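The values are calculated or read from the model by the stated rules, or taken from the named source; none is laboratory data. Owing to the predicted nature of the structure, the values given are computational and were not obtained by experimental measurement. Cβ sites come from the backbone with ideal geometry, for glycine too, and all protein chains shown count toward neighbours. Note: accessible area is taken over every heavy atom of the protein model, side chains too, but ligands, DNA and RNA are not part of it. Shrake-Rupley method; radii C 1.70, N 1.55, O 1.52, S 1.80 Å.
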Amino acid sequence: MYLPTPFAESRLDVLHDLIRMHPLGLLVSAGEQGLAADPIPFLVSPGEGEFGTLRAHLARANPHAQALQGVGDCLIVFTGPQGYITPSWYAAKAEHGKVVPTWNYAAVHAWGKPRVIDDAAWLLRFVGDLTQSQEQARTAPWAVEDAPADFVDGLLRAVVGVEIPIRRIEGKFKMSQNRPMPDRVGVVEGLRAEGAMNEPLAALIAQRGDVPGA
């Protein structure tokens, strides 16, 4: 990933936080049959290994599950808030007009050697943890145990687990840090003026760009 200095992020807790908040990662590997990619939700365990460990599950019938057993490294791509930035929001547009559109985004790339796990107990524990991570904030959270045991057992037989100790990880938060402060202020105000759906991106730009009062 191209990492200009203003956008580079290496703090492990920040990278793990993005994964937790945006757990749907794109799992990419290159095996004998060429490139394969699947979007699947991951859990990250920060305290396991130098950079943490990622865990997920795939359908047993997915050819990617078999291909992973023969690869060295795989890549997992996580993306956070993102969106188009119009130059109309820049103060510089009125000053000299030498501005162009861009796209702001947050991304984390993680690499590691995958291990395919075919173990019912491991899978039950994992899907329980994955479910809890998404249900815990709900008023009446659903748990795997709420479904009939034989039904769950049947579903677990149709999947395999994937465990990936992270060997390398890097992050990029392209949030207008390279623009003058008046332009950053304009971007945050412009995004918020267009609706609540832009708030996650606006808030991140404000945080990363030290926008006062935002």
- Query: So Arg125 fits all but one of (1) out of contact with any strand residue (DSSP E or B) (no Cβ under 7 Å at 6 or more places or on another chain); (2) over 19 Å from Ala59 (Cβ atoms); (3) surrounded by 12 or more Cβ atoms within 10 Å (Cβ to Cβ); what number is the exception?
  - Reply: (2)
- Item | Top-ranked residue in segment 93-106 [being crowded, with 16+ Cβ neighbours inside 10 Å and of a type in the set (A, V, I, L, M); ranked as nearest to Trp122 (Cα to Cα)] | Ala106
- Item | Residues being more than 18 Å from the chain's Cα centre (by Cα), surrounded by 13 or more Cβ atoms within 10 Å (Cβ to Cβ) and not hydrophobic (A, V, I, L, M, F, W, C) - total across segment 154-181 | 6
- Query: When both residues are 6+ apart or on different chains and their Cβ atoms are under 9 Å apart, which pairs have a first residue that lies in segment 81-92 and is in contact (Cβ under 8 Å) with a residue 24 or more places away in the chain, and a second that is open to solvent by less than 20 Å² (accessible area, probe 1.4 Å) and β-branched (Val, Ile, Thr)?
  - Reply: Pro81/Ile205; Ile85/Val187; Ile85/Ile205; Thr86/Val187; Trp89/Val187; Trp89/Val188; Tyr90/Val187
- Query: Between a first residue in segment 35-59 that is touching a residue at least 24 places away in the same chain (Cβ under 8 Å) and within 16 Å of Asp13 (Cα to Cα) and a second residue that is open to solvent by 40 Å² or more (accessible area, probe 1.4 Å) and acidic (Asp, Glu), which pairs have beta carbons less than 7 Å apart while being 6 or more apart in sequence or on different chains?
  - Reply: Leu43/Asp129
- Query: What's the number of the condition Leu27 fails, among (1) within 12 Å of Ile164 (Cβ to Cβ); (2) open to solvent by 30 Å² or more (accessible area, probe 1.4 Å)?
  - Reply: (2)
- Query: What residue, among those in segment 38-81 that are open to solvent by less than 60 Å² (accessible area, probe 1.4 Å) and β-branched (Val, Ile, Thr), is modelled with the lowest pLDDT?
  - Reply: Val71
- For segment 32-78, which fully contained strands (runs of 3 or more DSSP E) count at least 1 residues that are out of contact with any strand residue (DSSP E or B) (no Cβ under 7 Å at 6 or more places or on another chain) and of a type in the set (Val, Ile, Thr)? none
- Query: Pairs under 6 Å by beta carbon, first residue of a type outside the set (Lys, Arg) in segment 114-140, partner loosely packed, with under 14 Cβ neighbours inside 10 Å, six or more apart or different chains?
  - Reply: Val116/Gln69; Glu135/Pro141; Glu135/Trp142
